[in-house]
1. With each label point set 7 Å from Cα along the Cα-Cβ vector, what nm distance links B:Asp155 and A:Arg133?
2. Please express the shape of the protein assembly as shown as an equivalent ellipsoid: the semi-axes are the square roots of 5 times the eigenvalues of the C-alpha gyration tensor, given largest first in whole angstrom.
3. Can you tell me how much longer the chain between A:Ile89 and A:Ser173 gets when fully stretched, taken as 0.36 nm per residue apart minus their C-alpha distance, in nm with one decimal?
4. What does the structure give for A:110-119 when I average, per residue, the other chain Cβ atoms found within 10 Å of the residue Cβ?
5. Compute the separation of the alpha-carbon centres of the stretch B:43-58 and the stretch A:125-154 and state it in Å as a whole number.
6. Find the centroid of the Cα atoms in the stretch B:139-214 and in the stretch B:70-103, then give the distance between the two in whole Å.
7. I'd like the distance between the alpha-carbon centres of the stretch A:165-213 and the stretch A:36-108, rounded to an integer number of Å.
8. Determine the principal axes of the Cα atoms in chain A, then give the extent along each, sorted from largest to smallest and rounded to whole angstroms.
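The values are calculated or read from the model by the stated rules, or taken from the named source; none is laboratory data. Given the structure is predicted, the values throughout are model-derived calculations rather than measurements. Using ideal geometry, Cβ is built from the backbone for each residue, glycine included, and neighbour counts are taken over all protein chains shown. In case anyone asks, the SASA skips ligands and DNA or RNA and just uses the protein heavy atoms, side chains included. Shrake-Rupley method; radii C 1.70, N 1.55, O 1.52, S 1.80 Å.
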Amino acid sequence: MTAGLGPIRNHRRSVLSAFRGGRIVRRAGHALAIVATLAAGAAITDRTPDADTQQHPFIRSATVGHAVDARTFDVTVLGVRGGAVLGGISGSHDTSGVWVLVRMKLDARTNPVSLGYAVLEDSDGRTYRATGRVDQSILGERSLEPGVPVIAEIAFEVPTALAQDMSLRLAVSPTDQRMDAVAQVRLPITAGQARQWHADKNPLTLAAISVPT
Amino acid sequence: MSMTTPDQTSSPDPMSTGYPNAAAPVGTTVYADSWWRRNRWGVAALVPALALALAVPIHDAYTAYGKSAPRTPVTAESGDWVTYDKSQMRLSTMTSPARIEDSIGSPVTLPAGLRVWRATITFRSQDADALDGCDVMLTDTSGNSYDGNPDELSDLGLDAPLSACAPDTMSVKPPKQWSTVVEFLLPAGAKPAGIRVISADQLPRYAWLTIASR
């Protein structure tokens with residue numbers, strides 16, 4: 001039964017040997033393909049912008065007196081004033097820095113929209129949110145109606161030394177500005193003005209929200 | 001080098017090990033089934049599996065997005081009853097009053113370029129609370145939307161009801177039919193097209209009350 005299998009076994013051994021050589025080449029090819037794929041993946045990852053860059057907000061800039069389109073609303077900064085004391089329903093609020101009050105015109109574009117995010121940002125990227133020490137109903141609580149502009153004032157509390165280096169930033173979402181438009185307006189505050197405001201103890205009062213006539 | 005069909009009858013099947021076919025004629029080398037052939041069913045199953053893996057999150061995200069805003073109108077002919085959220089409603093009147101008064105009856109002068117529109121909406125329901133908390137919005141012919149009873153009108157001294165949909169009553173036995181008055185502030189040139197009544201738990205459906213063209 002097994003006598004005739006000798007030549008076949010010998011032949012098989014030689015074929016297996018040749019095949020093993022081919023298999024090594026094939027496996028080397030596979031390894032090379034894996035290394036090439038990993039290298040390509042690493043190169044793509046290395047060159048792809050990170051999440052912060054991909055999802056950064058779209059900053060729309062303008063100067064004081066000019067409207068800036070923040071996608072769902074327009075804003076025009078009308079002016080800025082400041083002082084050392086801010087009056088409110090609950091009394092006067094002093095500060096070790098300076099109060100900066102920004103007056104602006106806001107106009108929704110097509111749908112009612114609420115202003116949720118208002119900060120002053122310095123050139124180092126430090127942000128100072130609109131103060132929560134006084135009631136600021138323009139933020140979050142109130143809807144802006146399209147075609148019905150309102151004039152409002154927002155108060156910020158910032159270090160005196162940085163007041164000359166501030167830009168206003170406004171957006172709809174209070175927490176998430178990723179890939180949304182953010183209006184930015186550089187505030188024309190000088191170092192001398194900031195020092196003068198810091199020394200001014202006359203209480204400031206936030207202007208009431210109004211519809212321009 | 002010639003290739004032959006693998007011998008399916010030999011046992012054990014050397015094809016399954018990836019080795020040459022020992023039963024093949026001397027001088028020829030028969031290679032085992034390719035990886036693709038051995039894994040053909042797995043590869044075939046991978047296609048619908050990948051499609052499913054992509055489709056499920058897309059479907060979920062799209063469904064959540066669809067329900068996040070009023071997108072599907074429930075409507076009827078102008079002046080007819082619209083059935084929505086266990087209730088029926090219709091637009092009874094839509095006017096732009098020439099004289100606006102504040103809560104004590106004193107005339108109010110609107111800022112230039114603005115106009116008030118006043119809608120009277122009649123509701124019928126066995127459950128007067130069904131529509132409590134709803135939103136009423138006006139849409140103009142350009143597609144812009146406006147809140148009912150906006151803050152600007154309150155600033156001018158106009159009264160705003162607690163709810164734009166629910167009956168304004170503290171009665172123990174709520175009415176089966178009632179009306180509400182909702183006011184809107186629009187740019188003078190805007191033309192109202194319809195009223196949207198929106199219940200959050202009914203999204204993306206909303207009631208669309210068509211304003212008769214003038």
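1. 2.6 nm
2. Details: eigenvalues 985, 271, 53 Å².
Ellipsoid half-lengths, sorted descending, are 70, 37, 16 Å.
3. Numbers: separation 84, 0.36 × 84 = 30.24 nm, distance 2.67 nm.
Difference between extended and current length: 27.6 nm.
4. The per-residue average across the peptide is 2.
5. Taking the Cα centre of each part, the stretch B:43-58 and the stretch A:125-154 sit 47 Å apart.
6. Using only Cα atoms, the two centres lie 7 Å from each other.
7. A separation of 10 Å, based on Cα centres.
8. Here the Cα extents, ordered largest to smallest, are 116, 39, 32 Å.
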